[in-house]
């Protein structure tokens, strides 16, 4: 995690392919996820798409001895929710689906929030503000900006709404390995941290809580929940620093940089 690997043009091209494939996984999932589906059914559907339709590898499976291809984090679950046949989606749930995909030796990482059935306005607002916060962070990415600029853009935006930024988990460099340097904190001060350079690739994945930023890990050793049991939301994209800005490698079809 100490040295930052600057991607060559050829490596960036391969990462672009991985990112585009991962975007199509979410497109497929859009038509599958619904009330009544168990989180394990979602996991198995995504694994089939990645392995059999895209001839790619679900990079999360086997990483740190994790048995599944994705995380399903519902309501007060901040991250690392483990798929299970017992947990079926209910109307009113908000769920983050976090998926990784490796193709030709390079990994892409992205997550998306789904509002299941009829969710409360309060829950929908948290989901929307978190999405906009991710883009606030993405929009400052360019050569000579800093990781602190990213964190500050996200933190200052969500705190206006009374929300808090999770401290224990962050974005990360990505490439041949799932977790590379640098770390991308989603809070911080401008002009601090690592200076961004063309060819860096990393994730921006803010986890935003309705209440306190404090979290705890459940006894399964994976599932992270809000300490106050209030809702949490997260969105994630894999970002390439270009010569004059950024490219979202995992951008989904029909998804545009929102007007904020």
- request: State whether one or more residues within the stretch 48-63 are closer than 19 Å to residue 233 by Cα and touching a strand residue (DSSP E or B) at 6+ places or on another chain (Cβ under 9 Å).
  value: no
- prompt: Are any of the residues in the stretch 126-142 free of Cβ contacts under 8 Å to residues at least 60 places away in the same chain and within 18 Å of residue 236 (Cα to Cα)?
  reply: yes
field: residue 18 vs. criteria in a helix (DSSP H, G or I), over 16 Å from residue 114 (Cβ atoms) and in contact with a strand residue (DSSP E or B) (Cβ under 7 Å, 6 or more places away or on another chain)
entry: yes
The stretch 218-233 residues that are at positive phi and in a loop (DSSP other than H, G, I, E, B), paired with ones that are at pLDDT 95 or above and surrounded by 14 or more Cβ atoms within 10 Å (Cβ to Cβ) (beta carbon under 7 Å, 6 or more apart): 229/76
message: Out of the residues in the stretch 38-57 meeting the condition of being touching a helix residue (DSSP H, G or I) at 6+ places or on another chain (Cβ under 7 Å) and part of a loop (DSSP other than H, G, I, E, B), tell me which one is surrounded by the most Cβ atoms within 10 Å (Cβ to Cβ).
response: 56
message: Anything in the stretch 196-214 that is surrounded by 16 or more Cβ atoms within 10 Å (Cβ to Cβ) and under 26 Å from residue 143 (Cα atoms)? List them, or say none.
response: 196, 198, 199, 200, 201, 202, 203, 204, 205, 206, 207
query: Could you say which residue among 73, 60, 91 is surrounded by 21 or more Cβ atoms within 10 Å (Cβ to Cβ), touching a residue at least 12 places away in the same chain (Cβ under 8 Å), in a loop (DSSP other than H, G, I, E, B) and out of contact with any helix residue (DSSP H, G or I) (no Cβ under 9 Å at 6 or more places or on another chain)?
result: 60
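The values are calculated or read from the model by the stated rules, or taken from the named source; none is laboratory data. These figures come from a predicted structure and were not determined experimentally. When we count neighbours, we look across all protein chains shown, and the Cβ atoms used for this are built from the backbone with ideal geometry, even at glycine.
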